[in-house]
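A short worksheet on the structure shown next.
The values are calculated or read from the model by the stated rules, or taken from the named source; none is laboratory data. Every value quoted in this text rests on a predicted model; they were computed, and no experiment measured them. Heads up, the Cβs are rebuilt from the backbone with ideal geometry, glycines too, and the neighbour counts pull from every protein chain shown. For accessibility, only protein heavy atoms count, side chains too; no ligands or nucleic acids. Shrake-Rupley method; radii C 1.70, N 1.55, O 1.52, S 1.80 Å.
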Amino acid sequence: MSRSRQSSDSGVLIRFWSLDHHRAEPILWPESPWPKLVFALEGTLHVETKRQLHILPANRALWVQPGEPHPARTLGKARVRTLYFSPELGVIRETGPMDVRPLFRELIGEACRVGPLRRGNRESEAIATIIQLETRAAPLIPMCIPMPESDWLRNWAEAFFDDPSVAFEAGFSRRTLERRVLLETGLTLGQWCQQARALIGLRTIASGATVLEAAMASGFDTSSGFIQSFRRQFGTTPGKFLNN
């Protein structure tokens, strides 16, 4: 089910776009010159910006600058809710993922239920004001990984996300990978792979898998190894992270 009210920008503070996905599939947003907040009430999103890949479970959102390409897809069933912010609200953030507290989550859902939020409507103005404050105050969360620019190395990186166990069987020497990954991402090969495995595990566990299944999918032999790596990347355990 899709709902969108984009007919006129006159007096609009926040517009919305919502769509319930019943399987893994691409997300096709309406184009807009306004910055937007990408969020899923349920499910997990995979979003790529210019140089980064983002995995967004249902307690994280992504702020996207106007005009910035950001191809995305759902990772299974998802309820996608997107807010577009009028420039007059003056919300300025860099592109990146942010924490979504319970109040913020409810406000996003309410804005999509009653929106668009218009100036001159007391209820709309109240909701828009709190959303504006929540968006400005939400901490930037490291939920992404830098992706290589060159085609061959980006293809290798995408293959790593599909199956990290075969990453070094792709026909490239480890020395070549080490040199190019550092040059194009700013991370050593070991750092990049560690961050990628944590995101693979997050993606897997957010889809409903067990910690052990997430560990296997991300290339760990044991769940304890995965948990330790996840804690190093995100400062908490997978279970606590998803329940924040």
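Looking at the range 207-230, which of its residues are more than 23 Å from L45 (Cβ to Cβ) and surrounded by fewer than 16 Cβ atoms within 10 Å (Cβ to Cβ)?
Of everything in the range 207-230, those that are more than 23 Å from L45 (Cβ to Cβ) and surrounded by fewer than 16 Cβ atoms within 10 Å (Cβ to Cβ) turn out to be L212, D221, T222, S224, G225, Q228.
Filter the range 128-143 for residues that are touching a residue at least 60 places away in the same chain (Cβ under 8 Å) and either touching an Asp or Glu at 6+ places or on another chain (Cβ under 6 Å) or open to solvent by 30 Å² or more (accessible area, probe 1.4 Å) (or both) and give the result.
Across the range 128-143, the qualifying residues are A138, I141, P142.
Out of curiosity, is H46 within 25 Å of R154 (Cβ to Cβ) and either of a type in the set (S, T, Y) or outside any strand (DSSP E or B) (or both)?
Considered against the rule, which asks whether it is within 25 Å of R154 (Cβ to Cβ) and either of a type in the set (S, T, Y) or outside any strand (DSSP E or B) (or both), H46 comes out as no.
Conditions first: (1) modelled with pLDDT under 95; (2) in a helix (DSSP H, G or I); (3) within 18 Å of P139 (Cβ to Cβ). I108 passes all but one, so which condition is the exception?
(1) is the only condition that I108 fails.
Under 6 Å between Cβ atoms, which residue pairs at least 6 apart in sequence (or on different chains) link something in the range 27-45 that is in contact (Cβ under 8 Å) with a residue 24 or more places away in the chain and under 14 Å from E106 (Cα atoms) with a partner that is hydrophobic (A, V, I, L, M, F, W, C) and open to solvent by 20 Å² or more (accessible area, probe 1.4 Å)?
A40/A58; E42/A58
Filter the range 58-101 down to the residues that are among the small types (G, A, S) and under 18 Å from E31 (Cα atoms) and list them by number.
Within the range 58-101, G67, A72, S86 qualify.
Checking T188 against (1) under 19 Å from S150 (Cα atoms); (2) of a type in the set (S, T, N, Q); (3) modelled with pLDDT under 85, which single condition isn't satisfied?
Single failed check for T188: (3).
Rundown of residues vs (1) surrounded by fewer than 18 Cβ atoms within 10 Å (Cβ to Cβ); (2) hydroxyl-bearing (S, T, Y); (3) modelled with pLDDT of 90 or more, yes/no style:
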position	(1), (2), (3)
P26	yes, no, yes
I55	no, no, no
Q65	yes, no, yes
R81	no, no, yes
R93	yes, no, no
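Just checking, which of D99, D20 is within 18 Å of T135 (Cβ to Cβ) and surrounded by 16 or more Cβ atoms within 10 Å (Cβ to Cβ)?
So the residue among D99, D20 that is within 18 Å of T135 (Cβ to Cβ) and surrounded by 16 or more Cβ atoms within 10 Å (Cβ to Cβ) is D99.
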